[in-house]
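Q: The structure under discussion is supplied below as structure tokens; questions concerning it will follow.
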Amino acid sequence: MAHPVEHASGTGAAADLPPGQRLQRGWPVTHYGPVPKFRPERWDFRVFGATADGEKRSWTHEEFTALPYATVVADLHCVTKFSMLGAEWGGVPARAILDLAPPAPGVTHVMVWAEYGFSANLRLADFADDRAIFAIHKDGELLTAEHGFPARLVVPHLYAWKGPKWVRGVEYMTADRRGFWEQRGYHNVGDPWKEQRYSYQEEPGDGPEL
Ligand SMILES: Nc1nc2c(c(=O)[nH]1)N[C@H]1C(S)=C(S)[C@@H](COP(=O)(O)O)O[C@H]1N2
Ligand SMILES: [Mo]
């Protein structure tokens, strides 16, 4: 079932910057490791873990691009302090994945998986946010390889590392577990408006023991 996503107002004004962030001209490329080569015939997007019916789901690239589509205007805030404002992301809302492959009632968190084993954990509520989207396009153009083609997650209200580029699937979890950067010193929640950059800032309840 298609789920409508509101167009949010991204004004691009510097006043919109979370604390400690600065505006970046252009769009830098930031990631760990090499840019994966996209092979459409080998690509799939999987949902696994604690699904409602106990079954896994997977979509081929062709099927994935035929899923419900929406656009969201949102900013990207890198924890290394640059922000890119007001991009229009087009793609498959995270909500659509939750509707098409529902999680079991006990699911509290998700792990979003990408090529080469990169991962980011999210609270289910953050993933289910109306503005979280598996972007395929930015400002009407297909993402380039270095920016995450064929799809990247964008979670506008969290730091950008919570949005894996080159995504391959989602694991539904009944307990929290740290993803790639969350195991390597970044905050388990990652709210830029609270400046939750590093794991040493975590408070009880923010994440599992390191
Ligand atoms: N697969 C993968 N996705 C990733 C990362 C990464 O290392 N690997 N880095 C994240 C970080 S820290 C940021 S700031 C953004 C950068 O996206 P960009 O290169 O399109 O600006 O991608 C995020 N997604
Ligand atoms: Mo980042």
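The values are calculated or read from the model by the stated rules, or taken from the named source; none is laboratory data. Nothing here was measured: the structure is a model prediction, and the numbers come from that model. No Cβ is skipped: glycine too gets one built from the backbone with ideal geometry, and neighbour counts run over all protein chains shown. These area figures cover heavy atoms from the full protein model, side chains too; ligands, DNA and RNA do not enter into them. Shrake-Rupley method; radii C 1.70, N 1.55, O 1.52, S 1.80 Å.
Q: Residue 153 is checked against (1) closer than 26 Å to residue 66 by Cβ; (2) without any contact (Cβ under 8 Å) to a residue 60 or more places away in the chain; (3) part of a loop (DSSP other than H, G, I, E, B) and fails just one. What number does that condition carry?
A: Just one mismatch for residue 153, condition (3).
Q: Let me ask another. Would you please name the residue that is surrounded by the most Cβ atoms within 10 Å (Cβ to Cβ), looking only at residues in segment 152-195 that are touching a Gly at 6+ places or on another chain (Cβ under 8 Å) and more than 14 Å from residue 120 (Cβ to Cβ)?
A: My answer is 172.
Q: Name the pairs: first residue in segment 166-194 and part of a loop (DSSP other than H, G, I, E, B), second residue open to solvent by 30 Å² or more (accessible area, probe 1.4 Å) and of a type in the set (Val, Ile, Thr), Cβ to Cβ under 9 Å, at least 6 apart or on different chains?
A: What qualifies is 166/35; 174/108; 175/108; 176/108.
Q: Output the residue which, of all residues in segment 49-81 that are in contact with a strand residue (DSSP E or B) (Cβ under 6 Å, 6 or more places away or on another chain) and among the aromatic types (Phe, Trp, Tyr), is nearest to ligand 2 (Cβ to nearest atom).
A: Only one residue tops the list, namely 64.
Q: Moving to a separate point now. State all residues of segment 36-73 that are polar (S, T, N, Q) and open to solvent by 30 Å² or more (accessible area, probe 1.4 Å); if no residue qualifies, say none.
A: Filtering segment 36-73 for residues polar (S, T, N, Q) gives 51, 58, 60, 65, 71.
Within segment 36-73, 58, 60, 65 qualify.
Q: Just the residues that are part of a loop (DSSP other than H, G, I, E, B) and either within 15 Å of ligand 1 (Cβ to nearest atom) or farther than 21 Å from residue 48 by Cβ (or both), please, taken from segment 59-85. Spell out how you get there, then give the answer.
A: Of segment 59-85, the ones part of a loop (DSSP other than H, G, I, E, B) are 65-69, 78-81.
Scanning segment 59-85 gives 69, 78, 79, 80, 81.
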